[in-house]
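K.L.:
Sharing a structure, written as structure tokens. Questions coming.
Read the figures in this text as sums done on the coordinates, not as results from a lab. All figures in this text were calculated on a predicted structure; none of them were measured in a lab. Please note: Cβ atoms are built from the backbone with ideal geometry, for glycine as well, and neighbour counts cover all protein chains shown.
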Amino acid sequence: MVLARGLWRFAAALLTGGYAHPWSSTLDVAGLAVVLGGIAGRDLDRATVSTAVEAEAAITAALRGLDADGRFKLVGELHSVEPTAPPSGSNSLQQLREAWLRQREELTRLAALLRWTEELLTSRERALRRADSTINLLSGSLSYRVGRLAILPARLIKRVAKAAKRRIRAALSQRGPQEEQQ
């Protein structure tokens, strides 16, 4: 019971403090206490951890001088501790500051990524505008029109040659199975 209490308290501090840990982020406090118990070589289950939480509540209520209603409320609060809950205890100000610093670093990184993306988009938009103006300038010129007229017969010849090639292949493929049948 003492080990389960200690592991539950450690798991609660680890999850609510926002510390990095190697265990799954989907674990709740009781689940992490069970995993830590397994790592410690003890076979804990959720029922034992629940009993340990109730013992923790009873001890805390006795130390604070709470009545039965206060103890019942404390048991509910301890059972409802989740990884997203703010840290509790005397170190909570320090833990909140550490969480704030981590979030500030993440925001700085994301702001730099946003600036880089905006610069990339701006440079590509400028290049696109330059290419568009070049195309508009060239497509209206006399040399562009002459070039299109010169290329048009070559495209037509290429298209006719491809069609003739397909017809020849089709005729040969039809002729091949007929020779095999004879």
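K.L.:
Rounded to whole Å and ordered largest first, report the semi-axes of the equivalent ellipsoid of the stretch 2-88 derived from its Cα gyration tensor (root of 5λ). Spell out each step's value before the answer.
P.N.:
Details: eigenvalues 101, 46, 19 Å².
Calculated on Cα positions only, the semi-axes equal 22, 15, 10 Å.
K.L.:
Which of 122, 134, 146 sits closest to the plus end of the dipole of the chain, meaning its Cα is farthest towards the positive end, when Lys and Arg get +1 and Asp and Glu get -1 on the C-beta?
P.N.:
Farthest along the dipole direction, towards plus: 146.
K.L.:
Which shape class, rounded, prolate or oblate, goes with the stretch 107-182 when its Cα gyration tensor gives a ≥ b ≥ c as root eigenvalues, a/c under 1.5 marks rounded, and past that a/b bigger than b/c marks prolate?
P.N.:
Working: a/c = 13.26, a/b = 1.88, b/c = 7.05.
Oblate, because a/c is 1.5 or more while a/b does not exceed b/c.
K.L.:
Taking only Cα atoms, what is the 0 to 90° angle, nearest 10, from helix 142-181's long axis to the longest principal axis of the chain?
P.N.:
Approximately 90 degrees, to the nearest 10.
K.L.:
To continue, here is another question. Can you tell me the length gained on complete extension of the stretch residue 98 to residue 171, counting 0.36 nm per residue apart and subtracting the Cα distance? Each step should come with its number before you reach the end.
P.N.:
On the way: separation 73, 0.36 × 73 = 26.28 nm, distance 7.91 nm.
Gain on stretching residue 98 to residue 171: 18.4 nm.
K.L.:
Now for a separate question. Among residues other than residue 5 whose Cβ falls under 11 Å from its Cβ, what is the net charge (Lys/Arg +1, Asp/Glu -1)?
P.N.:
On the way: positive: 9; negative: 54, 56.
It works out to a net charge of -1.
K.L.:
What's the FRET efficiency of residue 115 with residue 20 using the Cβ-Cβ distance as r and R₀ = 35 Å, to the nearest 0.05? It would help to have the intermediate numbers written out before the result.
P.N.:
Numbers: r = 27 Å, r/R0 = 0.77.
With R0 = 35 Å, the Cβ-Cβ based efficiency is 0.80.
K.L.:
Express the relative contact order of the chain as a whole percentage, based on alpha carbon pairs under 8 Å and six or more residues apart in sequence.
P.N.:
Values: 98 pairs, mean separation 37.3, N = 182.
Dividing the mean separation by the residue count of the chain yields 21 percent.
K.L.:
Next up: So what's the back-of-envelope 222 nm ellipticity for the chain, counting only DSSP H runs of four-plus at -39500 (n - 2.57) apiece and dividing by all residues, rounded to 500?
P.N.:
-28000 deg cm²/dmol
K.L.:
Additional query: Treat every Asp and Glu Cβ in the chain as -1 and every Lys and Arg Cβ as +1, leave all other atoms uncharged, and give the resulting dipole magnitude about the Cα centre to the nearest 20 debye. Numbers along the way, then the final one.
P.N.:
Working: 27 positive and 18 negative charges, 511 e Å.
Roughly 2460 debye for the chain.
K.L.:
Oh, and also: Taking the Cβ of residue 105 as the center, what net charge do the other residues with Cβ under 14 Å away carry, scoring Lys and Arg +1 and Asp and Glu -1? Don't jump to the answer; show the numbers that get you there.
P.N.:
Values: positive: 97, 102, 104, 109; negative: 98, 106.
Around residue 105, the charge tally is +2.
K.L.:
Apply 1/(1 + (r/R0)^6) to the Cβ-Cβ distance of residue 55 and residue 107, taking R0 = 35 Å, and write down the FRET efficiency to the nearest 0.05. Don't skip to the end; give the middle numbers.
P.N.:
On the way: r = 41 Å, r/R0 = 1.18.
Efficiency, rounded to the nearest 0.05: 0.25.
K.L.:
Considering the Cα trace of the chain, what is its radius of gyration and what is Dmax, both in angstroms?
P.N.:
My reading of the Cα-based Rg and Dmax gives 37.5, 108 Å.
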